[in-house]
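Working notes, structure below.
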Amino acid sequence: MEPVKSEPLAEAAAQVPRVDAVLEVHERSGALRERVRLDADRLRIGRALDNDLVLEDPYVCAHHAELHWGDEGWTLVDLNSVNGLRLADSHQRLDKIALAGPMDLRIGHTALRFRSCDEQIAAARKDPTGGRWSTLLARVPVALGAVVLAGLLIAFQQHLNQVQHREWLPAVAGSVGSVSTLVIWALAWALVNRVFAHRLNYPSHLSIGALSMIGALVASTLIEYVLFAFSGDGLEKVLGLLSLFGFLAVALWGHLRVISPTSRSRQALVAVSVSLLLYLVTYLPDQVGDDYSNDPQFSAILKPPAFQLTDGLSADHFYTRAAQLAAEVDVEAAEE
């Protein structure tokens, strides 16, 4: 006696196992608005409220399309809609689209993306604010300490740079102004951080700004002493600007590290490019300008003689050379 075959069981065995997938709805900006997991064999899409996926789009019909699973896999079928179906990069209207792997679609003015659940996704990015140094910079005492130290260094430097009566009040006032600018600078970066990363991270930005300012001040002082030691007064302006905009690039890179998850090399490129652009806009016009000024300008660096490592000109050589220059000037004046 032959065994009786069950047709429903045979049909079930012949069916292809359904591939788990999701359908994503994206904004025009590319941001994800909604993600729907395809748990059933059919999903109806449209503007009517009885659809499985309701789209608020005036260019989508009440019952626009249906996504269903069959022998050919997942297929998106048009339900005699006004605007039909289209691939994201094409203007050709389609009545049916076979879906496989990640695929971008368009229904009306709504962007859809079909994705298989077994799709390989990118590895998780390392949180730039989760490292040891990032955690340290995010501490409020560290930020406040860096700001206080920067303020003291600025006041001390301005006090030493006074050429007349040395008073602490003007130096402190200048320091307060610089610290206020630093606080506003960090607040601006914190607001940008809030927009793109949904948190302020104000202590981190304040620490980065203050430490960059301290680095620029210390580097400027070291450059002055090194140039004085080796009689390199002519390089003071060049190296000073290089130091200033170098630490500006470091500060920009630090702020971007807190905000953006992009690669370090790309962030460094952006920071250096912005710093170079600011240099060109701020200082280059002064370098190429031909405006005449009768105000004497001196670039000599004055430091204690004990720090000078090279031998300078003797007094006799100086006075001899001055007499020669005076004689040359008299000759040219007599010729005129």
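The values are calculated or read from the model by the stated rules, or taken from the named source; none is laboratory data. Here the structure is a predicted model, which means the values were calculated and not measured. We place every Cβ from the backbone using ideal geometry, glycine too, and count neighbours over all the protein chains shown. Accessible surface is based on the protein model in full, side chains and every heavy atom, while ligands, DNA and RNA are left aside. Shrake-Rupley method; radii C 1.70, N 1.55, O 1.52, S 1.80 Å.
Structure notes:
- Selected residue (criterion: farthest from residue 223 (Cα to Cα)) from residues of region 271-302 that are open to solvent by 70 Å² or more (accessible area, probe 1.4 Å) and modelled with pLDDT of 85 or more: 277
- The residues of region 303-328 that are under 25 Å from residue 226 (Cβ atoms) and either open to solvent by 80 Å² or more (accessible area, probe 1.4 Å) or more than 45 Å from the chain's Cα centre (by Cα) (or both), listed by number, are 305, 306, 307, 309, 311, 312, 313, 314, 317, 318.
- The strands (runs of 3 or more DSSP E) located wholly in region 46-154 that include 2 or more residues which are surrounded by 15 or more Cβ atoms within 10 Å (Cβ to Cβ) occupy 65-70, 73-78, 85-87, 103-107, 110-116.
- Among the residues making up region 155-190, those that are open to solvent by 100 Å² or more (accessible area, probe 1.4 Å) and either within 17 Å of residue 207 (Cα to Cα) or touching a residue at least 12 places away in the same chain (Cβ under 8 Å) (or both) are 156, 168, 184.
- Number of residues in region 234-248 that are open to solvent by 50 Å² or more (accessible area, probe 1.4 Å) and either among the aliphatic types (A, V, I, L, M) or over 18 Å from residue 182 (Cα atoms) (or both): the value is 8.
- Among the candidates 214, 208, residue that is out of contact with any Pro (no Cβ under 7 Å at 6 or more places or on another chain) and over 30 Å from residue 303 (Cα atoms): 208
- Residue within region 213-220 that is within 30 Å of the chain's Cα centre (by Cα) and more than 17 Å from residue 151 (Cα to Cα) present: no
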